[in-house]
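Following: one structure in structure tokens, then a few remarks.
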Amino acid sequence: MMQQQQANLVQALMQLAPKGRAGMGLSKPKKRQGPAPTHLVPESPAVVALGEQEHKADLLLKRRRLEVQAVMSMWEPPLRKTVRVYITHKHANQPGSDGDGDGDGDGGGAAAAGAAREPPQWSLHLSGRVDPDVPADHVANVALEALKTGGQAAMQVAAATAARQGAAAHPFTSLWRRVTIALQYKRGGGSGGGGGGGSGGGAAEGEPDEEEVIVWEKSRHKGPHKEELQLLRAGTTPARVTVKLEPDNTPPRFRLPPLLAAAVGSAYDTRHNACKALDRLLLQHHHQQHPGAPPPARLVPPPAVAEMLGVPRGRETARADLMETLAGVLQPVEPHLLTYDVE
């Protein structure tokens, strides 16, 4: 009896084992589901319009939030720095010259043989720097004190000063949005000496001057910024160089009217700071006229502000409208013009 039961159990296990091994790593195939029901329902125009309005409201709230943060931030006085620009030129392979009057030539009779083979040329060099924050007299006083204590201390002070100035230095090309160089070649009667062999020698005295314009733009500049812009030209014809430097102000700065310039303390500033200064002037005038009264949304601007903005005197105007009017009064920063003669 026991042997028959064991045989039946073994037979049942043998029947179940292949099925278990074959189905051990398999899973039932999932039913393919169709697209979501939402894609089958056509979009309602009302739902689309509601979504657009919601998106516009989010953008408006974000913009207003940024404006409130800017208004609540503390006003900082503008930081003034001096930029020094240097223009020089060098001659090379000039015929019949033993050296330049500027001292920038290739020098002496050693270049006489090369001048016979290479065409004459000259190069224009445009560079500049931002004056350091530490005054020069202060650095000199510290260096003198260090010299009294010992030479090693003086070297340490000089190294620290050079490192501080080098870290705070701005490359020349990073300061400008656009640099325009206009060359006006002086035809006839120039001081090029000896006439021929140049890019325009032998021209008639009454011939008009030739003009050439070269433009450098930061937006097209690739790679790291440079400490100097160099322009190479061939010839011996004298030229009048006019350089127009357009500063790269971020955020953009504008020339302020005299009234706002006196309030801000600078002739140039951003539109946001100009609006802040105008709002302070309006509120000061309102508090003088109505002490203790809360700042209103509409007020009568003082005569000086009304004349500056070009609005009628004595008319009550919204403060927001006055800020919009100020935007049309602000003038962009004019470029810097430099002239230089290449003889």
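So for each of 209-220, 176-187, 243-254 I average, over its residues, the number of other beta carbons within 10 Å; can you give me the resulting order with the highest mean first? Mind dumping the intermediate values first?
On the way: 209-220: 12.3, 176-187: 18.7, 243-254: 15.6.
Per-residue mean Cβ counts within 10 Å order the peptides as 176-187, 243-254, 209-220.
Report, to two decimal places, the Cα Rg of segment 253-332 normalised by 2.2 N^0.38 Å (N = number of residues).
In units of the globular-protein estimate, segment 253-332 measures up at 1.04.
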Using θ = phi - 60° and Karplus 6.51 cos²θ - 1.76 cosθ + 1.60, couplings along segment 333-338 (whole Hz; Gly, Pro as x) = 5, 6, x, 8, 10, 10
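For segment 276-315, what is the convex hull volume of its Cα atoms per residue in Å³?
Details: hull volume 2.8 nm³, N = 40.
Each residue corresponds to 71 Å³ of Cα convex hull volume.
Among 122-129, 312-319, 55-62, how do they line up from the highest to the lowest mean number of other beta-carbon atoms within 10 Å?
Ranked from most to least packed, the peptides come out as 122-129, 312-319, 55-62.
Rule-based calculations on the coordinates, nothing more; no lab input. Quick caveat, the model's predicted, so the values are computed rather than measured. With ideal geometry, Cβ positions are generated from the backbone for all residues, glycine too; neighbour counts draw on all protein chains shown.
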